[in-house]
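Novice: Here's a structure for you.
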Amino acid sequence: MICPNCAAMGRRSDGVCYNCHQPFPSGLRRQTVMAWFAAAFALITLVAVILIVPIRSAADIGASLCVGTCLASATASAGALMGWILGTIICEH
Ligand SMILES: [Zn+2]
């Protein structure tokens, strides 16, 4: 990430800027919210499909996983969009 103080490039995991030694802001960022929403939506969809589709054989597991993954990627996009909107509202950066 870029330090808001001196614009030096730094790693977020470091916590502080190597250049000006100021701590990085720990507030929620839009990208973080987007990633969390996308992941949550994808996971919920996958679990829901696996729970809804009756599994009687190994082929059913494969089919439900296939459908689940397809739907999960679709809902992940929707989740990312929601996260983007929410991130715009709640994030300062
Ligand atoms: Zn700095």
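Novice: Pick from region 2-16 the residues that are in contact with a Pro (Cβ under 9 Å, 6 or more places away or on another chain) and not in a strand (DSSP E or B): which of them is surrounded by the fewest Cβ atoms within 10 Å (Cβ to Cβ)?
Specialist: Gly15
Novice: Take the residues in region 51-93 that are exposed (fewer than 15 other Cβ atoms within 10 Å of the Cβ) and of a type in the set (Val, Ile, Thr), then tell me which one is nearest to the chain's Cα centre (by Cα).
Specialist: This residue is Ile85.
Novice: Out of region 1-33, which residues are more than 13 Å from the ligand (Cβ to nearest atom), of a type in the set (A, V, I, L, M) and modelled with pLDDT of 80 or more?
Specialist: Val33
Novice: While we're here: What is the number of the single condition among (1) loosely packed, with under 15 Cβ neighbours inside 10 Å; (2) farther than 19 Å from Ile85 by Cβ; (3) within 17 Å of the chain's Cα centre (by Cα) that Leu46 does not meet?
Specialist: Leu46 satisfies all of (1) loosely packed, with under 15 Cβ neighbours inside 10 Å; (2) farther than 19 Å from Ile85 by Cβ; (3) within 17 Å of the chain's Cα centre (by Cα) except (1).
Novice: Please work out if Val33 is over 28 Å from Ile89 (Cβ atoms) and not in a loop (DSSP other than H, G, I, E, B).
Specialist: No: the conditions fail for Val33.
Novice: Of the residues that sit in region 27-43 and are within 15 Å of Met1 (Cβ to Cβ) and small (Gly, Ala, Ser), which one is surrounded by the fewest Cβ atoms within 10 Å (Cβ to Cβ)?
Specialist: Gly27
To keep it simple, each residue is scored yes or no on (1) in contact with a helix residue (DSSP H, G or I) (Cβ under 7 Å, 6 or more places away or on another chain); (2) assigned to a helix (DSSP H, G or I); (3) not small (Gly, Ala, Ser).
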position	(1), (2), (3)
Asp60	no, yes, yes
Ala63	no, yes, no
Val67	yes, yes, yes
Leu71	yes, yes, yes
Ala76	yes, yes, no
Gly79	yes, yes, no
Trp84	yes, yes, yes
Gly87	yes, yes, no
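The values are calculated or read from the model by the stated rules, or taken from the named source; none is laboratory data. Everything numeric here is computed off the predicted structure, so don't read it as measured data. Note that we place each Cβ from the backbone using ideal geometry, even for glycine, and neighbour counts take in every protein chain shown.
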